[in-house]
Amino acid sequence: MASPVIEPVARLIEAFSRLPGIGPKTAQRLTFHLLRAPETEARILAAALVDVRDKVVFCERCFNVSDAPLCPLCRDPGRDASRLCVVEEPLDVLALERTAEFRGLYHVLHGAISPIDGVGPERLRIKELLARADDAKRAGTPLEEVILATNPTLEGEATAMYLAERLENVVGVVSRIARGLPVGGDLEYADEVTLIRALQGRRAV
């Protein structure tokens with residue numbers, strides 16, 4: 001039996017359905033929305049997707065998304081370089097920045113340690129984090145505080161413990177964000193008040 005969906009439409013539905021959080025029905029709705037939308041809307045979306053792939057890189061220092069070798073936060077002379085907040089994903093940086101509570105710098109791991117999924121420390125940006133801490137200590141300006149803001153999941157907790165053991169003799173204080181966040185939750189979905197309380201209530205590991 002012939003498919004009622006022509007090949008270009010089917011390809012777009014399939015492409016949308018590969019995105020995280022997008023199921024088959026949502027993929028179909030997005031596709032048919034674009035079919036009904038003005039041509040300029042579809043072309044703007046297509047251009048934005050191409051620009052993301054062509055112009056966005058990872059910061060050479062903190063590994064947040066950037067459009068230059070160093071991201072805007074690392075280039076900002078007003079940030080407190082003595083404090084570093086370690087997060088799992090670039091989305092977590094956005095979540096914490098919304099609170100305007102933290103004025104230090106960040107380090108993005110791009111994941112968490114998960115032996116079940118075959119993700120060990122070598123798969124993350126942990127080596128670069130430890131190098132940043134070592135370089136600061138050798139320069140005579142050791143980091144005053146490293147805040148471990150990994151997600152409150154089993155993987156996030158394991159990652160925080162792993163990092164705490166390796167940083168405790170290199171930096172002034174290693175702290176962990178407080179339990180203002182629900183266990184099993186992600187930073188990107190937390191509201192600003194919860195994140196502020198989590199930052200304010202951080203404790204030494």
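So the values come out like this:
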{"read-out": "With all protein chains modelled, accessible area of THR40 [1.4 Å, Å²]", "value": "90"}
{"read-out": "Among ILE177, ILE116, ILE147, residue whose mean-square fluctuation peaks in a GNM of the chain (springs only between Cα atoms under 10 Å)", "value": "ILE116"}
{"read-out": "Calculated FRET value between ARG75 and GLU144, using beta carbons and R₀ = 30 Å, to 0.05", "value": "0.90"}
{"read-out": "Rg followed by Dmax, in Å, when the stretch 47-205 is reduced to its Cα trace", "value": "15.2, 48"}
{"read-out": "For the chain, the longest site-free run once GluC sites (Glu not before Pro) in DSSP loop states with at most 16 other Cβ atoms within 10 Å are removed", "value": "1-59"}
{"read-out": "Cubic angstrom per residue, convex hull over Cα atoms of the stretch 18-116", "value": "163"}
{"read-out": "Inter-part distance where the stretch 19-72 and the stretch 89-128 are each reduced to a Cα centre, Å", "value": "21"}
{"read-out": "Those aspartates and glutamates that a straight Cα-Cα span of less than 13 Å connects to LYS25, excepting residues fewer than 8 apart in one chain", "value": "GLU14"}
{"read-out": "Orientation-averaged projected area, Cα convex hull of the stretch 6-73 (nm²)", "value": "6.0"}
{"read-out": "Linear extension gain, ASP135 paired with LEU94, 0.36 nm per residue minus alpha-carbon span", "value": "12.1 nm"}
{"read-out": "When the convex hull of its Cα atoms is projected in every direction, mean area for the stretch 149-205 (nm²)", "value": "3.7"}
{"read-out": "Separation of the LYS25 and LYS127 label points, Cα + 7 Å toward Cβ, nm", "value": "4.6"}
{"read-out": "Average accessible surface area per residue within the chain, 1.4 Å rolling probe, Å²", "value": "60"}
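The values are calculated or read from the model by the stated rules, or taken from the named source; none is laboratory data. This one's a predicted model, so the numbers in the text were calculated from it and none came from an experiment. Using ideal geometry, Cβ is built from the backbone for each residue, glycine included, and neighbour counts are taken over all protein chains shown. What goes into the accessible areas is simple: the full protein's heavy atoms, side chains included, and nothing from ligands, DNA or RNA. Shrake-Rupley method; radii C 1.70, N 1.55, O 1.52, S 1.80 Å.
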